[in-house]
């Protein structure tokens, strides 16, 4: 399996948890992105961990983004400009309205705003094969969005979260069909049940650390090709039923 090579990556919701871990692992690759962009929003603000990363990595850029404000998304798109090569979406909130807005509606708004940049990158890349090295939208989904399995239902019936991730999966499927002619790969990824604040606590030990999840996901991203667009995969590259 080859190493992931991308010119630039925008990771949304990079204040904490899985997204922060993804930024850390991207920067730690042997050949990190030339430009790393991370958006910060919500109550966590400009997390000290992110500020520390910026002080050590000159290729990391912070973009403030309010996910519920379409005008903020447009401003962020202008700032990113021509640097964008792959788009990784990951955010979470709590009540039903906010969960749908964050997990489903705003990824759609983000992708609409950034699509012209992704198309430009894809058209300027050599070859014709779909890959993350060319142009990609990677939606951070969850196994809990699988209608077939309804993963971890016994540990907590958070209906709004299950439904919002199922809707995100449908969005990914629609994006893959619509954007294939633009040479943009679209895939939904499940990072695993990860030890974060959102992952929960209690009597059950969560199986994955953030670093373990992110290392696995980077391997998967490096191997994605045309056959993987319109799929739902986990951090090990295994197919998850819709």
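The values are calculated or read from the model by the stated rules, or taken from the named source; none is laboratory data. This structure is a prediction, so every number in the text was calculated from the model and none was measured. Because the Cβ atoms are built from the backbone with ideal geometry, glycine has one as well, and the counts that use them run over all protein chains shown.
Applying the selection to the range 31-50, what residues are modelled with pLDDT of 75 or more, surrounded by 13 or more Cβ atoms within 10 Å (Cβ to Cβ) and within 14 Å of residue 14 (Cβ to Cβ)?
33, 49, 50
Looking at the range 77-91, can you tell me whether even one residue there is in a helix (DSSP H, G or I), farther than 23 Å from residue 185 by Cβ and at pLDDT 80 or above?
Within the range 77-91, one or more residues are in a helix (DSSP H, G or I), farther than 23 Å from residue 185 by Cβ and at pLDDT 80 or above.
I want to confirm something. Restricting to the range 8-31 and keeping residues that are in a loop (DSSP other than H, G, I, E, B) and more than 16 Å from residue 223 (Cα to Cα), which single residue is nearest to the chain's Cα centre (by Cα)?
12
Taking the conditions exactly as written (at pLDDT below 95 and closer than 27 Å to residue 125 by Cβ), does residue 226 satisfy them or not?
So residue 226 passes the test.
Could you pull out the residue among 166, 135 that is at pLDDT 90 or above, buried (at least 19 other Cβ atoms within 10 Å of the Cβ) and out of contact with any strand residue (DSSP E or B) (no Cβ under 9 Å at 6 or more places or on another chain)?
Every option except 166 fails the conditions.
Out of all the residues in the range 145-160, which are at pLDDT 85 or above and assigned to a helix (DSSP H, G or I)?
145
Could you tell me which residue of the range 52-74 is surrounded by the most Cβ atoms within 10 Å (Cβ to Cβ), considering only residues that are out of contact with any strand residue (DSSP E or B) (no Cβ under 9 Å at 6 or more places or on another chain) and either in a helix (DSSP H, G or I) or touching a residue at least 40 places away in the same chain (Cβ under 8 Å) (or both)?
73
Just to be sure I understand, how many residues within the range 222-234 are touching a strand residue (DSSP E or B) at 6+ places or on another chain (Cβ under 7 Å) and in a helix (DSSP H, G or I)?
Adding up the residues that qualify gives 1.
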